[in-house]
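Here the structure comes first, spelled out in structure tokens, and everything after it is commentary.
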Amino acid sequence: MNLHRTLATAARVLRQLRHDPRSIALMILVPCVMLLLLRYVFDGSPQTFDSIGASLLGIFPLITMFLVTSIATLRERTSGTLERLLAMPLAKGDLIAGYALAFGALAVVQSVLATGLAVWALGLDVTGSAWLLLLVALLDALLGTALGLFVSAFAASEFQAVQFMPAVIFPQLVLCGLFTPRDKMQPVLEAISNVLPMSYAVDGMNEVLRHPDVTGDFVRDAAIVAACAVLVLALGAATLRRRTA
Amino acid sequence: MMNIASPPQTQAASAATTTPAIRAESLTVERGPRTVLRGLTFAVPRGQITGLLGPSGCGKSTLMRSVVGTQAKVTGTLDVLDHPAGTPALRSRIGYVTQDPSVYDDLTVRQNLEYFAAVLAPGRGTAAARRHEDVTRAIADVDLTAHADALAGNLSGGQRSRVSLAVALLGTPELLVLDEPTVGLDPVLRRDLWNLFHAIAADRGTTILVSSHVMDEAERCHRLLLMREGEILADDTPDALRTRTASETVEAAFLHLVDEANAR
């Protein structure tokens with residue numbers, strides 16, 4: 001790997017995005033609008049908003065980055081630019097790290113705005129530090145990038161790539177404890193939710209919500225999300241083949 | 001109208017220049033259940049334009065992908081610039097243009113080239129200055145200076161394929177592999193590109209392997225590889241081919257060879 005090539009790749013991905021301001025606006029505004037909506041949907045029960053709002057701060061970056069990365073890498077595969085890059089002296093790690101850096105930067109902007117809005121304007125009541133919310137949000141964005149990259153290898157078209165979102169994200173959304181605490185679910189479902197990374201993203205957010213300090217559980221949750229992201233990124237790297245049929 | 005600047009560094013003449021640029025021996029490629037290339041043996045000489053001609057679906061693209069090292073399931077011997085095809089050391093020495101223009105539509109022409117140049121020759125300072133020169137030269141080579149700041153996606157089909165060609169010209173590669181670079185271009189542009197290929201081969205000593213399914217382009221090559229159904233029908237100069245088959249054109253020579261092969 002080469003730092004200059006990684007940075008050049010990240011700069012290129014961001015430059016591509018800059019030519020598409022509508023996508024940037026959607027990525028950044030939609031989470032804020034959703035939080036605003038939820039705040040007033042749960043107008044009568046602020047506690048519900050606290051719990052769901054904090055969870056969503058972790059889920060938004062995951063979903064957005066999943067979608068953006070799966071489409072972007074699929075375009076790279078189908079446009080022939082991936083084949084061209086892999087015929088050039090570019091390490092697979094440079095490409096993946098470049099994407100992760102570029103979308104990570106975007107995720108920081110998205111998370112800062114969404115977290116800031118939720119905590120300061122919408123009165124989301126967090127006991128812990130808002131910085132920890134941000135940290136989990138960033139790890140979630142990385143996980144979303146990793147999943148998107150991995151899944152794009154199995155999609156033959158952008159149409160299929162979008163269909164992977166309900167397949168990969170929705171089951172995690174239902175089982176992650178957003179609707180009901182995970183330990184109150186049917187034991188089989190709880191067991192399944194124990195191996196899904198989004199569950200730990202939501203658990204981590206709830207730890208920050210309820211505890212003033214960094215708890216052991218929080219560290220464990222954050223580490224699991226980070227480890228999953230790295231694992232899936234490595235799997236994604238394995239799907240980039242220099243030689244293809 | 002195409003400006004050819006001299007290469008930034010002249011290539012060191014070495015003893016290696018006596019070996020062919022590409023040497024294949026019983027080269028076989030399988031794609032799924034199909035054998036796309038069947039035991040090909042041929043050599044491509046250095047510093048010349050070798051045309052790879054044959055009907056679409058005969059295996060031209062597969063052969064080119066094998067040479068640049070992006071094709072899977074390649075068996076037999078395939079040496080490119082004295083290294084086995086696909087060796088990492090070759091990646092900066094070969095320029096490759098795929099059949100469909102592989103550039104980023106949401107970047108400008110210059111941004112596209114700057115990125116690929118940074119992948120080829122990373123670094124800051126003098127490396128960045130040299131890259132800037134290289135990019136400007138490549139854009140001038142394909143006559144897109146006036147469109148340097150236009151988004152690639154807003155260009156016409158012919159212009160986009162020239163952006164793709166410009167990327168392959170970055171870094172003065174020793175071998176250019178061009179997969180149907182003139183398909184869909186108007187006659188004037190086709191003539192200009194062929195003039196560019198000849199200038200690159202003559203001035204920079206670059207070896208060019210170029211595919212086409214338009215037989216009249218064959219006359220412009222130094223040597224020809226005629227392909228059909230995964231096999232090589234002929235490996236000769238255009239003149240020798242016409243003489244051998246007593247034909248007026250390369251197209252007639254090709255048809256003659258096909259009939260001959262079918263009769264066997």
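The values are calculated or read from the model by the stated rules, or taken from the named source; none is laboratory data. These numbers come from a predicted model, not from an experiment. Positions of Cβ are backbone-derived with ideal geometry, glycine not excepted, and every protein chain shown enters the neighbour counts.
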Note on A:ARG39: of the conditions (1) within 20 Å of the chain's Cα centre (by Cα); (2) buried (at least 16 other Cβ atoms within 10 Å of the Cβ); (3) away from chain B (no Cβ under 14 Å), unmet is (1)
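So, of the residues in the stretch A:62-82 that are in a helix (DSSP H, G or I), polar (S, T, N, Q) and more than 17 Å from the chain's Cα centre (by Cα), which turns out to be nearest to A:THR9 (Cα to Cα)? Full working, then the answer.
Of the stretch A:62-82, the ones in a helix (DSSP H, G or I) are A:62-78, A:81-82.
With polar (S, T, N, Q) added as a condition, the list becomes A:64, A:69-70, A:73, A:78, A:81.
From what is left, the residues that are more than 17 Å from the chain's Cα centre (by Cα) are A:78, A:81.
Values: A:THR78: 18, A:THR81: 12 Å.
It comes out as A:THR81.
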With the first residue restricted to the stretch A:79-92 and required to be more than 18 Å from B:LEU175 (Cβ to Cβ), and the second required to be outside any loop (DSSP other than H, G, I, E, B) and among the acidic types (Asp, Glu), Cβ contacts under 6 Å at 6 or more apart or on different chains are A:LEU82/A:GLU76
Within the stretch B:15-29, residues in a helix (DSSP H, G or I) and either under 18 Å from B:VAL74 (Cβ atoms) or modelled with pLDDT of 95 or more (or both) come out as none
Determine if the stretch B:136-146 includes at least one residue that is of a type in the set (Gly, Ala, Ser), at pLDDT 95 or above and more than 22 Å from the chain's Cα centre (by Cα).
yes
Counted residues in the stretch A:109-125 being surrounded by fewer than 23 Cβ atoms within 10 Å (Cβ to Cβ), among the aliphatic types (A, V, I, L, M) and within 21 Å of the chain's Cα centre (by Cα) come to 5
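Is it the case that some residue within the stretch B:113-120 is surrounded by fewer than 16 Cβ atoms within 10 Å (Cβ to Cβ) and farther than 30 Å from B:LEU255 by Cα? Outline the logic, then answer.
If we filter the stretch B:113-120 for residues that are surrounded by fewer than 16 Cβ atoms within 10 Å (Cβ to Cβ), which is where we start, we get none.
Looking for residues that are surrounded by fewer than 16 Cβ atoms within 10 Å (Cβ to Cβ) and farther than 30 Å from B:LEU255 by Cα, one finds none in the stretch B:113-120, hence no.
Given the options A:LEU85, A:LEU95, A:LEU117, name the one that is farther than 21 Å from A:SER157 by Cα, out of contact with any strand residue (DSSP E or B) (no Cβ under 8 Å at 6 or more places or on another chain) and either in a helix (DSSP H, G or I) or not basic (Lys, Arg) (or both).
Result of the check over A:LEU85, A:LEU95, A:LEU117: A:LEU117.
Got a number for residues in the stretch B:200-257 being in a strand (DSSP E or B) and of a type outside the set (Asp, Glu)?
Step one: filter the stretch B:200-257 for residues in a strand (DSSP E or B), giving B:207-212, B:223-228, B:231-236.
Right, trim to of a type outside the set (Asp, Glu) and you get B:207-212, B:223-228, B:232-234.
Selection size over the stretch B:200-257: 15.
Matching residues to (1) within 20 Å of A:ALA226 (Cα to Cα); (2) in contact with a strand residue (DSSP E or B) (Cβ under 9 Å, 6 or more places away or on another chain); (3) surrounded by fewer than 23 Cβ atoms within 10 Å (Cβ to Cβ):
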| site | (1), (2), (3) |
| --- | --- |
| A:ASP140 | yes, no, no |
| A:GLY144 | yes, no, no |
| A:PHE150 | yes, no, no |
| A:ALA153 | no, no, yes |
| A:ILE169 | yes, no, yes |
| A:VAL188 | no, no, yes |
| A:ILE192 | yes, no, yes |
| A:MET198 | yes, no, no |
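Restricting attention to the stretch A:85-117, report how many residues are of a type in the set (Ser, Thr, Tyr) and within 21 Å of B:PHE116 (Cβ to Cβ). Walk me through how you get there before you give the answer.
Residues of the stretch A:85-117 of a type in the set (Ser, Thr, Tyr): A:99, A:111, A:115.
When the remaining residues are screened for being within 21 Å of B:PHE116 (Cβ to Cβ), the result is A:99.
Final tally of qualifying residues: 1.
Yes/no per residue for (1) outside any helix (DSSP H, G or I); (2) farther than 12 Å from A:ILE59 by Cβ; (3) touching a Ser or Thr at 6+ places or on another chain (Cβ under 7 Å); (4) of a type in the set (Asp, Glu):
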| site | (1), (2), (3), (4) |
| --- | --- |
| A:LEU147 | no, yes, no, no |
| A:ALA156 | yes, yes, no, no |
| A:GLN160 | no, yes, no, no |
| A:PHE164 | no, yes, yes, no |
| A:GLY177 | yes, no, yes, no |
| A:GLY204 | no, no, no, no |
| A:GLU207 | no, yes, yes, yes |
Do we have A:VAL126 as among the β-branched types (Val, Ile, Thr) and assigned to a helix (DSSP H, G or I) here?
no
Expected output for the stretch A:148-162 (first residue under 10 Å from A:PHE66 (Cβ atoms), partner among the aromatic types (Phe, Trp, Tyr), Cβ below 6 Å, 6+ apart or cross-chain) is A:GLY148/A:PHE66; A:VAL151/A:PHE164
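Does A:ILE59 satisfy the condition of being within 17 Å of A:ALA121 (Cα to Cα), more than 14 Å from every other protein chain (Cβ to nearest Cβ) and assigned to a helix (DSSP H, G or I)?
On the way: within 17 Å of A:ALA121 (Cα to Cα): no; more than 14 Å from every other protein chain (Cβ to nearest Cβ): yes; assigned to a helix (DSSP H, G or I): yes.
So A:ILE59 fails the test.
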Expected output for the stretch B:51-69 (first residue without any contact (Cβ under 8 Å) to a residue 12 or more places away in the chain, partner outside any loop (DSSP other than H, G, I, E, B), Cβ below 8 Å, 6+ apart or cross-chain) is B:ARG65/B:GLN71
When (1) of a type in the set (Val, Ile, Thr); (2) free of Cβ contacts under 8 Å to residues at least 24 places away in the same chain; (3) closer than 22 Å to B:SER102 by Cβ are applied to B:THR245, the one that fails is (3)
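Looking only at the stretch B:191-246, filter to residues that are of a type in the set (Gly, Ala, Ser) and surrounded by 18 or more Cβ atoms within 10 Å (Cβ to Cβ); which one of those is nearest to the chain's Cα centre (by Cα)? Show your work before the answer.
The first filter runs over the stretch B:191-246 and keeps only residues of a type in the set (Gly, Ala, Ser), leaving B:199, B:201-202, B:205, B:211-212, B:218, B:230, B:234, B:240, B:246.
Those still in the list that are surrounded by 18 or more Cβ atoms within 10 Å (Cβ to Cβ) too: B:201, B:211-212, B:218, B:230, B:234.
On the way: B:ALA201: 11, B:SER211: 7, B:SER212: 10, B:ALA218: 14, B:GLY230: 19, B:ALA234: 19 Å.
The extreme case among them is B:SER211.
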If we take the stretch B:64-172, then helices (runs of 4 or more DSSP H) inside it with 1 or more residues that are over 30 Å from B:GLY54 (Cα atoms), within 11 Å of another protein chain (Cβ to nearest Cβ) and of a type in the set (Phe, Trp, Tyr) are B:109-120
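Quick check: is even one residue across the stretch A:6-15 among the hydroxyl-bearing types (Ser, Thr, Tyr), within 14 Å of chain B (Cβ to nearest Cβ) and surrounded by 16 or more Cβ atoms within 10 Å (Cβ to Cβ)?
Step one: of the stretch A:6-15, the residues among the hydroxyl-bearing types (Ser, Thr, Tyr) are A:6, A:9.
If we keep only those that are within 14 Å of chain B (Cβ to nearest Cβ) too, we end up with A:6, A:9.
Still in the list and also surrounded by 16 or more Cβ atoms within 10 Å (Cβ to Cβ): A:6, A:9.
Taking every residue of the stretch A:6-15 in turn, at least one turns out to be among the hydroxyl-bearing types (Ser, Thr, Tyr), within 14 Å of chain B (Cβ to nearest Cβ) and surrounded by 16 or more Cβ atoms within 10 Å (Cβ to Cβ).
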